[in-house]
Amino acid sequence: MSLRRIDFRKGLNRRTVLRGVGAALALPWLEGMRPRTARGGDAASGKSPVRLAVLYIPNGVRADTWSPEETGRDYRLSTTLAPLSDLSDELLVLSNLWNQASNAGDGHYVKTSGFLTCTTINKSLGIDLNCNGTSLDQVVARHYGHATPLPSLELGVDPVTTGVDQNVGYTRVYGAHIAWSGPTSPLAKEIDPRLAYERLFRAAQPHREAAKRDLRLLDRVLDDARRLHRQLGAADRRRLDEYLQSVSALEGRLARATDADADAWSPAAAVDPATRPADREPADFAEHVRLMLDIVALAFQTDATRVATFMFGNAVSGRSFSFLDGVSGGHHDISHHQNDAAKLEQYERITRWHVQQYGYLLRRLRDMPEGDATVLENSMIVLGAGLRDGNSHDPRNLPIVVGGRGGGRIAVGQHLRFSPDTPLANLYACLLEACGAPSERFADSTGKLPGVLA
């Protein structure tokens, strides 16, 4: 929608107008912009790019069956992690990490939205969302975003939930996001596998003339946004400024896409239109999850993006897992097991199912050759949750696994147990280093974890 059509004399509905700006700036053609930068990692050195994906489990895990007993390289996977036994040499299992900033408030929401930011979200009923940070994935996306058509890919299976959880006084919107481009900017996740696939397919089709057209259209939209800026109050101007900072990256990529002298990006692998998901809703939850993980694998294989997040479900997800043998009921209810043996058994079965899906993605990437290595070897695939045990809501000793060697930068094939309450942000500092985007500090990090970097 054009802001020139808004009659400001009748008052300004901020959310309607900003949604209009957002829709104009996020049309499908903008999602598929092609930067004319060299494909791959470091073109001069011939190194393959390093990718980062984070898979998030809602409602925690069965705590007493998660961690391996042994540490170091002679470790054996626990019963819950046993579905990854053929991948043990490609795994880094970490114990005793915690997210201190999420040890506030009640329930799940602080743990979910703060999982990749390591910050404390503001308690809100939905008007003033603020996670007080930028998520790990988006820090990496800013480092890599110039080199790929899509800076990042946010995927899930559950739509954003709204309203207020009266039990804890937080908006449910917090529970639907782990990716934040800024303190007040959660990134919407795509839940339709067809649309996610089409996004990748467009990204693999270079169109210089279309980029010129899109750059002209973006200029007009930005002119509208500048006019809107003058109509807003101070708080909304700050929010719009933050939003437009992320848009400026699009403008730069569009400009590169129209530069005839720039090196052309090309997909690292072909995107076959025949693999497009069927024009129907997935038959069941398990199929839906596998389709979305296939999208992540395809995105990394083609180098359409190097950063992805996937949420198995929103916080407090009541998803029924009755499709699993021996399970009857919803995930959230079962996670509040109160040490009931029957519920604990079901909780473990659900946890193992999530681990199996993680293994599915790792194997897909392992089977994708890339030079002398594989896509998995050049990736870091994190599986984790914002709380360990859904019954206690405790953010200590979080269940965290990293799969893939990060291009030889991650020392996999071991279980590392750190001293209690070691900052989760210290792991994130290591992952940033492995991505080539080191920083002195990430959130509440106190240094890098010993033994993680090769």
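Read the figures in this text as sums done on the coordinates, not as results from a lab. Remember, it's a predicted structure, so these values are computed and weren't measured experimentally. Note that each Cβ is placed from the backbone with ideal geometry, even for glycine, and that neighbours are counted across all protein chains shown.
A compact table of results
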{"item": "Lys, Arg +1 and Asp, Glu -1 on Cβ, resulting dipole of region 373-435 about Cα centre, debye, nearest 20", "result": "100 debye"}
{"item": "Column: log10 I(q)/I(0), Debye, Cα scatterers of region 110-194, q = 0.21 Å⁻¹", "result": "-0.98"}
{"item": "Charge tally in the Cβ shell below 10 Å around Val452, where Lys, Arg are +1 and Asp, Glu are -1, Val452 excluded", "result": "+1"}
{"item": "Prolate/oblate/rounded label for region 310-420 (Cα gyration tensor, a/c 1.5)", "result": "prolate"}
{"item": "Amide proton proximity set for Asn391, modelled H, under 5 Å, gap of 5+", "result": "His337"}
{"item": "Neighbour-count ranking [beta-carbon atoms within 10 angstrom, fewest first] of Glu440, Glu287", "result": "Glu440, Glu287"}
{"item": "Neighbour-limited loop hits for trypsin sites (Lys or Arg not before Pro), region 400-454 (at most 16 other Cβ within 10 Å; DSSP other than H, G, I, E, B)", "result": "Arg441"}
{"item": "Selection of GluC sites (Glu not before Pro), region 52-90, meeting DSSP coil and at most 15 other Cβ within 10 Å", "result": "Glu69, Glu70"}
{"item": "Extension gain, Thr275 back to Leu324 (0.36 nm per residue minus Cα-Cα distance, nm)", "result": "14.9 nm"}
{"item": "Cleavage-rule hits, trypsin sites (Lys or Arg not before Pro), region 69-162, DSSP coil, Cβ neighbours within 10 Å at most 15", "result": "Arg73, Arg76"}
{"item": "Exposure proxy order (Cβ contacts within 10 Å, fewest to most) of Leu344, Leu116", "result": "Leu344, Leu116"}
{"item": "Neighbour net charge for Leu324 - beta-carbon separation under 12 angstrom, K R +1, D E -1", "result": "-1"}
{"item": "Percent of Cα pairs exceeding the 13 Å cut-off, where the set is region 155-206", "result": "66 percent"}
{"item": "Positive minus negative residues near Leu97 (Lys, Arg vs Asp, Glu; Cβ under 11 Å)", "result": "+2"}
